[in-house]
Structures are given as structure tokens and as C-alpha cells.
Amino acid sequence: MTRKRIGFFTRLLDEVSAQERYRLATEQIQHAERLGFDSAWIAQHHFHEKEGGLPAPLVFLAHVAAYTRTIRLGTGIITLAMENALRVAEDAAVLDLLSHERLEVGLGSGGTKTSFLPFGLTIDQRASVFADQLHTLLSAWRGDTLAHPDNHLYPPAPTLAQRVWIATFSVEGAARAGAAGHGLMLSRTQPRPPDQPDLPLEAIQNPMIDAYLAALPAGISPRILASRTAFVADSNDYARRLAEPGLRRQAEQFQAAGHVITGHTLESHARQLDAHFGDAPSVLASLRADSTLQRVTDITFQVHSIDPPHADILRSIELIADHIAPELRALEQA
């Protein structure tokens with residue numbers, strides 16, 4: 001049985017200055033490494049600091065690499081449609097060398113409509129631009145000639161193409177990731193169909209895993225990462241008190257984006273937004289009920305959109321390491 005890998009994920013959303021966000025996130029990743037987490041993942045967001053506080057993930061991970069030794073460092077995700085693929089290839093190659101080949105490259109097309117405009121794009125173009133950029137990125141890492149016989153990626157990075165992960169919300173996207181032999185990244189939550197607001201997340205993501213595995217070429221080991229919101233505290237009452245305002249804000253954001261959220265209680269928000277919070281036994285029981293997690297190779301935990309204070313994030317990391325991770329690592333992959 002393959003041991004599941006456990007990760008820590010952050011969108012860098014602490015209610016402090018940008019510089020302080022980066023310092024706190026670095027400290028959180030160091031803490032996760034000391035406690036035995038296998039990986040740390042960071043998100044990229046342009047312009048909108050309330051969605052995510054980091055436009056330059058590879059720059060930040062280069063900084064983190066200097067302060068860590070063993071934890072794998074992942075992008076969850078680089079919004080590739082808004083990037084120059086050759087510059088991403090070069091920066092990732094340098095970072096991978098500096099981190100002693102600890103880089104994992106999660107990629108996606110991006111989702112914030114207005115963020116595309118300064119890059120000369122619209123959100124309707126994202127799928128085709130992403131496909132073109134991904135082709136260029138992989139070609140550079142393979143060592144292909146780049147527009148002229150004299151041009152090849154330096155430093156070379158022939159193994160990075162084997163560490164690509166694709167984020168998607170759809171069965172079709174999961175099948176494409178599988179057919180290409182990439183890893184599959186599953187979100188912490190997903191908008192439900194308008195007529196099924198209480199559809200369990202596993203009912204959405206298990207068909208994606210099915211499509212991914214069916215498309216995966218023979219001889220290629222699956223890589224399936226599920227991100228989950230999990231905030232663990234020393235008591236259920238304390239966790240609930242911190243969870244309520246964050247999940248209420250997320251519910252309002254979902255509704256403003258046109259998604260259906262029913263009910264106004266903490267329980268209804270937690271159910272529809274797929275948040276796991278409480279003391280360690282409660283969170284473990286909640287996570288065990290998610291059948292998706294039995295099928296994945298990697299599980300990453302984030303506190304968003306609960307977004308507790310820094311000290312509580314550190315404590316949650318400790319409690320996950322001591323009480324949650326050992327149990328989930330032992331789950332047999334279905």
C-alpha cells in the first residue's frame with residue numbers, strides 16, 4: 001500500500017501587510033516541515049489581495065527553499081494562462097536546482113474574470129491560451145529546440161515535466177490530465193449545480209477520479225491531490241467560534257458570484273462549503289466520511305476560508321500532525 005502524502009496549503013490571507021503575510025506563511029511552512037508534513041503548497045492570485053496574497057509564487061518558494069530542507073514545495077496553482085510559459089519554465093528550473101529538486105508544479109487556467117484583462121486576455125480565452133502555454137512549458141522542459149537550433153532551456157530541467165499537476169473542476173479536465181500522465185488536483189470545495197445545492201463533494205469529485213484513472217496511460221502511477229479545508233483546535237467550541245465569520249463571508253462571496261447557498265447556519269455553510277473544523281476527533285471523523293480521500297495519493301490541508309489567527313494556524317498544524325495525518329496516511333487507497 002502506498003503511503004499517502006500530507007501537505008499544508010496557504011493562499012496567504014492573514015489580515016496583515018503583504019510583507020508580514022510572507023513572513024507568517026514562511027513560518028507556517030517551516031512549522032509544517034518540523035512536524036513531518038510532506039509538502040507545502042501556495043496559490044497565485046493577481047491584483048485581488050482578499051482572494052490571495054501572492055502574485056509571484058516561484059519567487060516566494062525560492063525564499064522558502066532557503067529556510068527549509070525536506071518539505072516539497074508546490075504551486076497550487078500557477079495561473080498559466082496569464083504567464084509567459086518560457087519564463088515560468090526558466091524560473092521553475094532555477095528554483096528546482098536551488099531547492100534540490102523539491103518543486104511540484106501545479107497549474108491551472110485561472111478563475112477571476114477581471115484579472116485576465118491587464119494581460120490582454122478575457123476569461124473566455126483562458127482554456128485555449130492555457131493549452132498553448134502548457135505545450136510551450138513542457139516543450140522547454142523536455143529540452144526541445146526553442147524557435148532556433150541554438151536555443152534550449154538553461155538550466156535544463158528534464159524531470160520537471162514529471163511533476164506537473166493540473167487543477168480542474170470538470171470530468172473532462174480530469175480525463176485530459178490523466179491522458180497526459182499529469183497529476184490531478186482537486187479543490188477544497190466546488191460550486192454545486194443550481195438544482196443540487198446539497199450535493200456532497202465526493203459525488204462531484206469521485207467521477208473526476210474515475211475519468212482520470214481511466215485515461216491514465218499504462219505504466220504511469222496516478223498522482224491525485226485533494227485539498228481540504230481543515231481547522232483543528234483544542235475544543236469544538238473554540239473552532240466553531242472562529243469558523244463562523246469566515247464561512248459566512250465565503251457563503252456571501254459564493255452567492256454574489258451567482259451560486260446557490262441555502263440556509264444561514266454554521267452547519268449548513270460547513271456542509272455546502274466543505275469545511276472540516278473542531279477538535280481532532282471531530283475533524284478526523286468528518287474527513288473519514290469523505291470517500292474521495294480514500295482514493296487520493298496526496299491530501300493538503302488549508303484553513304481557508306476560516307482564516308484563524310496565525311497562532312491558531314500553527315496549533316492546527318500541530319494537531320493535524322499528531323492526530324489526523326497518521327490516521328489518513330494509513331487509509332487504503334481504493
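The values are calculated or read from the model by the stated rules, or taken from the named source; none is laboratory data. In this text, all values refer to a predicted model and were calculated from it rather than measured experimentally. Heads up, the Cβs are rebuilt from the backbone with ideal geometry, glycines too, and the neighbour counts pull from every protein chain shown. Just the protein is used for accessible areas: all its heavy atoms, side chains included, with ligands, DNA and RNA removed. Shrake-Rupley method; radii C 1.70, N 1.55, O 1.52, S 1.80 Å.
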remark   = Selection from segment 217-257 of residues out of contact with any Gly (no Cβ under 8 Å at 6 or more places or on another chain), in a helix (DSSP H, G or I) and of a type in the set (K, R) yields R241, R248, R249
ask   = How about segment 266-293: which of its residues are buried (at least 20 other Cβ atoms within 10 Å of the Cβ) and more than 25 Å from M208 (Cβ to Cβ)?
value = G278
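For segment 294-307, which residues satisfy the criterion of being in contact with a strand residue (DSSP E or B) (Cβ under 6 Å, 6 or more places away or on another chain) and not acidic (D, E)?
Taking segment 294-307 first, the residues in contact with a strand residue (DSSP E or B) (Cβ under 6 Å, 6 or more places away or on another chain) are 296-303, 306.
If the condition is that a residue be in contact with a strand residue (DSSP E or B) (Cβ under 6 Å, 6 or more places away or on another chain) and not acidic (D, E), then V296, T297, I299, T300, F301, Q302, V303, I306 are the ones that fit.
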task = Considering each residue of segment 236-265, count those that are open to solvent by less than 90 Å² (accessible area, probe 1.4 Å) and either in contact with a Phe, Trp or Tyr (Cβ under 8 Å, 6 or more places away or on another chain) or under 20 Å from L319 (Cβ atoms) (or both), and give that number.
result = 9
inquiry  = Here's a check for you: in segment 48-62, which residue that is in contact with a helix residue (DSSP H, G or I) (Cβ under 7 Å, 6 or more places away or on another chain) and at pLDDT 95 or above is nearest to A18 (Cα to Cα)?
reply    = L54
query = Give me the pairs: first residue in segment 68-92 and under 21 Å from R23 (Cβ atoms), second residue small (G, A, S) and assigned to a loop (DSSP other than H, G, I, E, B), beta-carbon distance under 7 Å, and six or more apart or on different chains, which are they?
reply = L73/S99; G76/A43
task = Give the residue that is least open to solvent (accessible area, probe 1.4 Å), with candidates limited to residues of segment 1-19 that are among the polar types (S, T, N, Q) and at pLDDT 95 or above.
result = T10
Any pair with Cβ under 8 angstrom, 6 or more apart, that starts in segment 123-146 at a residue that is β-branched (V, I, T) and ends at one that is part of a helix (DSSP H, G or I) = I123/K113; I123/F116; V129/A81; T136/A85; T136/L86; T136/A89
key: Filter result for V296 (buried (at least 21 other Cβ atoms within 10 Å of the Cβ) and free of Cβ contacts under 8 Å to residues at least 60 places away in the same chain)   = no
